[in-house]
1. Please state the charge dipole magnitude for the chain, taken about the Cα centre, from unit charges on C-beta atoms (+1 on K and R, -1 on D and E), reported in debye and rounded to the nearest 20.
2. Need the full-extension length gain, residue 179 to residue 63, defined as separation in residues times 0.36 nm minus the C-alpha distance. One decimal, nm.
3. Just want the answer: with Cβ charges of +1 for Lys and Arg and -1 for Asp and Glu, which residue in 56, 80, 90 is farthest toward the dipole's positive end in the chain?
4. Run the 1.4 Å probe and let me know the accessible area of residue 117, rounded to the nearest 10 Å².
5. Tell me the relative contact order for the range 124-171 as a rounded percent, counting alpha carbon contacts under 8 Å between residues six or more apart.
6. Of 103, 46, 162, which is farthest along the charge dipole of the chain in the positive direction, counting Lys and Arg as +1 and Asp and Glu as -1 at C-beta?
7. Working with all protein chains in place, sort 179, 184 by solvent-accessible area computed with a 1.4 Å probe, largest first.
8. What does the net charge come to around residue 124 if you take all other residues with beta carbon closer than 14 Å to its beta carbon, with K and R at +1 and D and E at -1?
Amino acid sequence: MLNERKMKRGKTLKSAMKLGLMSAVILLGYFGFLHMKIQESIHQQIPENADYLIILGARVKGSIPSLSLQYRIDKAAEYLTANKHTVAIVSGGKGPGEDISEAKAMQQGLIAQGIEEARIMMEDNSTTTRENIVFSKELIPDTAASGLIVSNDFHIYRAVEIARKEGLNMKGMPAKTPKVSLLKSYTREYFAITKYYLTEWIGK
């Protein structure tokens, strides 16, 4: 009787280990797929002379852009300097711990790098990536045909997908992600993409 119980427990343990291993393999494979999609989205040729950029907001510490946001500002300023007819839409509201809106911080950052204020439109009500896109869409000039989304590299895939869902055919222009937050940013983004997939699937 005792031996039978031990055998059952052994079989149960083996089954649980197999299930756990399979789950881990599936999860790693899924995250690998997401990482591939992210990498594909950031290794595309960036067209010159886009009509507009939408620069997505990120955390502001008081009135100072976080490093992630500063990288976005720098990338956008570089493009705007080289492409004089491109206008910028800076998108991001004011969150907890922020003395100014993310849009205002981006506007100030671009002006500091020589971009004329007249080329910068502000959307300062959004609090999510989807709101960034939806609210910024209202500011896109009627004559504009080509646009780019500026964000950190880990964020480009989902941002472009949301823009496509909103009827905007845009490409992503990736800024680098701070090394100190690479693991955290990518891990969080895997779950954010999963949430987006589920939301889209449930909505169909």
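The values are calculated or read from the model by the stated rules, or taken from the named source; none is laboratory data. Worth saying up front: this structure is predicted, and the values here are computed from it rather than measured. Cβ sites come from the backbone with ideal geometry, for glycine too, and all protein chains shown count toward neighbours. Protein only, heavy atoms only, side chains kept; ligands, DNA and RNA dropped before computing areas. Shrake-Rupley method; radii C 1.70, N 1.55, O 1.52, S 1.80 Å.
1. The dipole of the chain has a size of about 1860 debye.
2. Stretched fully, the residue 179-residue 63 segment lengthens by 39.5 nm.
3. It is 56.
4. About 110 Å², rounded to the nearest 10.
5. For the range 124-171, the relative contact order is 40 percent.
6. In the chain, that residue is 162.
7. 179, 184
8. -4
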